[in-house]
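The values are calculated or read from the model by the stated rules, or taken from the named source; none is laboratory data. Quantities reported herein were computed from a predicted structural model and do not represent experimental measurements. Because the Cβ atoms are built from the backbone with ideal geometry, glycine has one as well, and the counts that use them run over all protein chains shown.
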Amino acid sequence: MILTPSSFGLQPWKFLVIDHAETREKLCAESWGQQQVKDASHYIVLTARTDLDSHDIETWVKHMASVQNTPDESAAAYEGVVKGFANGMTQEARHGWNTRQVYIALGQLMATAAMFGIDACPMEGINPAGYDQILNLTGTGYATAVACAIGYRAEDDKYAKLPKARFSHTHVIQHI
């Protein structure tokens, strides 16, 4: 997930791998009792930056310039473009933009898991505010966006043998 692309490369996220059984139990209660929160071998909460301020952008550009050996004037120009874009939005809009970036990472996580034959269950049926409280995210600059349970299916999983019910490609893909 580290190499997942994001707008401007900013990576406005943090991924929390929840190993602690008691924490999973609490999160299950904030997930409409969905048992995969507790049963999956890995449970990941994907969080988004609640804002993206000038300091965040400066920190990223400085890191990028160092890693890529970018000349100062080029880095400064790039920083100006990113700040101009981000500062053109309200804080609420930046949080929404950051959250949409998290979904790119979720897609990458699920596709990669599938390549390895690992099942993934994205979960929006959660109470993000409850997650934030349990995970002590309040005031950290991050907020829960979505979660994903991953692991191998149990042999007795009744859903494993059901055919996938999906619309045909002609129903969901339109060529223009």
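Go through the range 1-31 and count every residue that is under 12 Å from Ile44 (Cα atoms) and either in a strand (DSSP E or B) or at pLDDT below 95 (or both).
So the answer is 5.
What pairs can you find where one residue is in the range 151-176 and in contact (Cβ under 8 Å) with a residue 12 or more places away in the chain and within 19 Å of Gln36 (Cβ to Cβ), the other is of a type in the set (S, T, N, Q) and in a loop (DSSP other than H, G, I, E, B), and their Cβ atoms are less than 9 Å apart, with a gap of 6+ or different chains?
Hits for this filter: Gly151/Ser41; Tyr152/Ser41.
So is Tyr131 aromatic (Phe, Trp, Tyr), without any contact (Cβ under 8 Å) to a residue 24 or more places away in the chain and either loosely packed, with under 14 Cβ neighbours inside 10 Å or not in a loop (DSSP other than H, G, I, E, B) (or both) or not?
The answer is no for Tyr131.
Quickly run through the range 19-39 and pick out the residues that are aliphatic (A, V, I, L, M) and surrounded by fewer than 16 Cβ atoms within 10 Å (Cβ to Cβ).
If the condition is that a residue be aliphatic (A, V, I, L, M) and surrounded by fewer than 16 Cβ atoms within 10 Å (Cβ to Cβ), then Ala21, Ala29 are the ones that fit.
Of (1) farther than 17 Å from Gly141 by Cβ; (2) among the β-branched types (Val, Ile, Thr); (3) assigned to a helix (DSSP H, G or I), Thr59 satisfies all except one. Which?
(1)
Could you check Val17 against (1) within 22 Å of Ala105 (Cα to Cα); (2) in contact with a helix residue (DSSP H, G or I) (Cβ under 8 Å, 6 or more places away or on another chain) and say which number it fails?
Here Val17 meets the rest and fails (2).
Within the range 134-176, how many residues are in a loop (DSSP other than H, G, I, E, B), of a type in the set (Gly, Ala, Ser) and in contact with a helix residue (DSSP H, G or I) (Cβ under 9 Å, 6 or more places away or on another chain)?
Going through the range 134-176 one residue at a time, the tally reaches 2.
Applying the selection to the range 47-69, what residues are of a type in the set (S, T, N, Q) and at pLDDT below 95?
Applying the first criterion (of a type in the set (S, T, N, Q)) to the range 47-69 yields 47, 50, 54, 59, 66, 68-69.
Correct list: Ser54 only.
Please verify whether Trp60 is of a type in the set (A, V, I, L, M, F, W, C), out of contact with any Ser or Thr (no Cβ under 9 Å at 6 or more places or on another chain) and within 16 Å of Ser7 (Cβ to Cβ), treating the condition exactly as stated.
In short, yes.
From Ala48, Ala120, Ala86, Ala111, grab the single residue that is assigned to a helix (DSSP H, G or I), surrounded by 12 or more Cβ atoms within 10 Å (Cβ to Cβ) and not acidic (Asp, Glu).
Exactly one residue qualifies, and that residue is Ala86.
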